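The values are calculated or read from the model by the stated rules, or taken from the named source; none is laboratory data. A quick note: this is a predicted structure, and the numbers were derived from the prediction, not measured. Glycine also receives a Cβ, built like all others from the backbone with ideal geometry; neighbour counts cover every protein chain displayed.
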Amino acid sequence: MFNSLSDRLTATFKNLRGKGRLTEADIDATVREIRRALLDADVAVPVVRAFTAAVKERALGLEVSQALNPGQQIVKIVNEELVGILGGETRRIRLAKNPPTVIMLAGLQGAGKTTLAGKLSKWLKGQGHSPLLVACDLQRPNAVRQLQVNGERAGVPVYAPHPGVSSEFEAATGDPVAVARQGVAEARARLHDVVIVDTAGRLGVDAELMQQAADIRAAISPDEVLFVIDAMIGQDAVNTALAFNEGVDFTGVVLTKLDGDARGGAALSVASVTGKPVMFASTGEGLGDFELFHPDRMASRILD
Ligand code: GDP
């Protein structure tokens, strides 16, 4: 049976309470519980190691006089460290001074980019913006159509590369970099103040995909590059995030499929190894299943 970290630490508190001071052995026992909880939440092993080392260092430095309830103090430290790595405050989209604000999506195939494009456009529309979606995922046969369906549902137009597939505009080419560039130009011409560019993903990170994403980034100079990652990815989170960070130097992270069993450890892994903030969470297949990411709530989810 799975016990929450709170339960485990409460058990450890019992041993700690009544002691005048913390010994290194006390702290080690506590740190072991924290390590186990993070691994259960699927935080990547190297991230767990660095995290617990930081907690231990702070715990060892605790003022004994303040240590009325050392266990609670350690929980506070763990929470502060988690929230800090996750970016502290919720990070909002940076809007361009000269519209349109260009938002590019990148990530592995199946991560949830196309779904997110629809969600994000609907959300922005609800905030009074006038978004345009641009379909640059030309790898997956159905991706353009899927984006068009999401656009229709969200009531947001889609700039797509295949003429005659019920797109509102016609793109002149099937080259994703050219489509991205034209999509942004189209947004500017038609006075859309935000443009969301969906890009292709592969099942695994590959050089060609990354080069294409990097070329699109260079062509459209986005204000935000959102790295979309499936919360269920587990230990692969670190390598995938590092590859995309190197390839497209993303500015923020969107964690998808948080409605599943995943406890969100991927958020900590990605934020920790890249230093980039998690900005949004996707919590289902519906267009409304989308929210701003709150580091404090995720810290509780990981620790619960
Ligand atoms: P892409 O290849 O990155 O564009 O991924 P898609 O947007 O096509 O999503 C892949 C699958 O995951 C689709 O079946 C989506 O309906 C599903 N999906 C996307 N986001 C979520 C989410 O937050 N929760 C759940 N349960 N499913 C999602």
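Within segment 281-304, being touching a Phe, Trp or Tyr at 6+ places or on another chain (Cβ under 8 Å) and small (Gly, Ala, Ser) holds for ALA281, SER282. Quick check: anything in segment 263-275 within 11 Å of the ligand (Cβ to nearest atom) and within 18 Å of GLY201 (Cβ to Cβ)? Checking segment 263-275: not a single residue is within 11 Å of the ligand (Cβ to nearest atom) and within 18 Å of GLY201 (Cβ to Cβ). For segment 224-240, the criterion of being touching a helix residue (DSSP H, G or I) at 6+ places or on another chain (Cβ under 9 Å), part of a loop (DSSP other than H, G, I, E, B) and within 13 Å of the ligand (Cβ to nearest atom) is met by none of the residues. Six or more apart or on different chains, Cβ atoms under 6 Å: show the pairs whose first residue is in segment 108-127 and farther than 15 Å from LEU292 by Cα and assigned to a loop (DSSP other than H, G, I, E, B) and whose second is more than 6 Å from the ligand (Cβ to nearest atom) and of a type in the set (D, E, K, R). Close Cβ pairs (under 6 Å, with a partner that is more than 6 Å from the ligand (Cβ to nearest atom) and of a type in the set (D, E, K, R)) amount to GLN109/ARG202; ALA111/ASP230. Here the condition is being touching a Ser or Thr at 6+ places or on another chain (Cβ under 7 Å), among the hydrophobic types (A, V, I, L, M, F, W, C), within 24 Å of ALA44 (Cβ to Cβ) and surrounded by 17 or more Cβ atoms within 10 Å (Cβ to Cβ); of ALA262, ALA266, ALA241, it holds for ALA241 alone. Selection of segment 206-234 for residues being touching a Gly at 6+ places or on another chain (Cβ under 9 Å) and within 19 Å of ALA267 (Cβ to Cβ) yields GLU224, VAL225, LEU226, PHE227, VAL228, ILE229, ASP230, ALA231, MET232, GLY234.
Looking across segment 134-143, the residues that are within 12 Å of the ligand (Cβ to nearest atom) and either buried (at least 24 other Cβ atoms within 10 Å of the Cβ) or in contact (Cβ under 8 Å) with a residue 24 or more places away in the chain (or both) come down to ALA135, CYS136, ASP137, GLN139, ARG140, ALA143. So is VAL270 aliphatic (A, V, I, L, M) and within 12 Å of the chain's Cα centre (by Cα) or not? Yes; evaluated as a whole, the condition is true for this residue. Quick one: ARG58 ticks every box in (1) modelled with pLDDT of 85 or more; (2) assigned to a helix (DSSP H, G or I); (3) under 18 Å from GLY264 (Cα atoms); (4) not acidic (Asp, Glu) bar one, so which box is it? Here ARG58 clears every test but (3). A Cβ distance below 7 Å, combined with a sequence gap of six or more or placement on separate chains, defines the contacts here; from segment 249-276, residues that are closer than 23 Å to THR114 by Cα reach residues that are away from the ligand (no atom under 16 Å from the Cβ) and among the hydroxyl-bearing types (Ser, Thr, Tyr) in the pairs LYS276/THR251. Residue under question is GLN212, and the condition is that it be modelled with pLDDT of 90 or more, out of contact with any His (no Cβ under 6 Å at 6 or more places or on another chain) and not acidic (Asp, Glu); does it hold? So GLN212 passes the test.
Residue-level analysis places THR251 outside the set of residues that are out of contact with any helix residue (DSSP H, G or I) (no Cβ under 6 Å at 6 or more places or on another chain), within 16 Å of the ligand (Cβ to nearest atom) and of a type in the set (Ser, Thr, Tyr). Restricted to segment 73-127, and to residues there that are among the charged types (D, E, K, R) and within 16 Å of the ligand (Cβ to nearest atom), the residue that is nearest to the chain's Cα centre (by Cα) is LYS113.
Is segment 264-272 home to any residue that is in a loop (DSSP other than H, G, I, E, B) and within 28 Å of LYS97 (Cβ to Cβ)? Among the residues of segment 264-272, not one is in a loop (DSSP other than H, G, I, E, B) and within 28 Å of LYS97 (Cβ to Cβ), which makes the answer no.
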